[in-house]
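Here's the structure we're looking at; comments come further down.
The values are calculated or read from the model by the stated rules, or taken from the named source; none is laboratory data. Since we're looking at a predicted model, the values are computed, not measured. With ideal geometry, Cβ positions are generated from the backbone for all residues, glycine too; neighbour counts draw on all protein chains shown.
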């Protein structure tokens, strides 16, 4: 007996435009498809900052958005984190240099919690006491700056490098620093 032909579910699917959060200008960042709008909620989209801003010097910054709700064929998104590409970080760390990591949990002015990983790369090898003082200054600067900013402003400063330059200006007095980057951020609450 012949097998009954199944329904073609592909034809039932509809395309929906994915819009960036308002902090990134609410521009269209992609499309997704689903048979019902409720299936879209909770999906994760990863894109680069270069694609959002048309500045391809920032294409090493990967942003992650969570799809929230569908209205009139457009899907709103929320920022859930970012990270730098592995290749970019490896290209910054050179021989005879020291990489200092600082992972800390911060709270924004409006009560949103984030976990931030910042890195500082020295010009030459540095002593362990200098590493400890750099790490403590990085943590102190991160917590102080994040406490002053609303969530949207904080994300802008994290992604665009303003927060990293603030950290650089504080720790460059401890020892010569080549670069400071916020390597990763993730929304906790």
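Determine if segment 8-27 includes at least one residue that is farther than 22 Å from residue 78 by Cα and in a loop (DSSP other than H, G, I, E, B).
Yes; the residues of segment 8-27 include at least one that is farther than 22 Å from residue 78 by Cα and in a loop (DSSP other than H, G, I, E, B).
State all residues of segment 93-118 that are over 16 Å from residue 149 (Cα atoms), within 19 Å of the chain's Cα centre (by Cα) and buried (at least 16 other Cβ atoms within 10 Å of the Cβ); if no residue qualifies, say none.
Result: 102, 104, 117, 118.
Can you tell me how many residues in segment 65-103 are within 15 Å of residue 181 (Cβ to Cβ) and in contact with a helix residue (DSSP H, G or I) (Cβ under 8 Å, 6 or more places away or on another chain)?
Here the count works out to 5.
In segment 1-29, what residues are out of contact with any helix residue (DSSP H, G or I) (no Cβ under 9 Å at 6 or more places or on another chain) and surrounded by 15 or more Cβ atoms within 10 Å (Cβ to Cβ)?
Matches in segment 1-29: 18, 19.
Can you tell me which residues in segment 52-64 are out of contact with any helix residue (DSSP H, G or I) (no Cβ under 9 Å at 6 or more places or on another chain), within 14 Å of residue 28 (Cβ to Cβ) and either part of a strand (DSSP E or B) or in contact (Cβ under 8 Å) with a residue 12 or more places away in the chain (or both)?
Across segment 52-64, there are no qualifying residues.
Listed here are the residues, each with its yes/no results for (1) assigned to a helix (DSSP H, G or I); (2) at pLDDT below 90; (3) touching a strand residue (DSSP E or B) at 6+ places or on another chain (Cβ under 8 Å).
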| position | (1), (2), (3) |
| --- | --- |
| 32 | no, no, yes |
| 76 | no, no, yes |
| 79 | no, no, yes |
| 88 | yes, no, no |
| 101 | no, no, yes |
| 111 | no, no, no |
| 116 | no, no, yes |
| 119 | no, no, yes |
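Just for segment 39-67: of the residues that are in contact with a strand residue (DSSP E or B) (Cβ under 8 Å, 6 or more places away or on another chain) and farther than 18 Å from residue 155 by Cα, which one is surrounded by the most Cβ atoms within 10 Å (Cβ to Cβ)?
The extreme case among them is 40.
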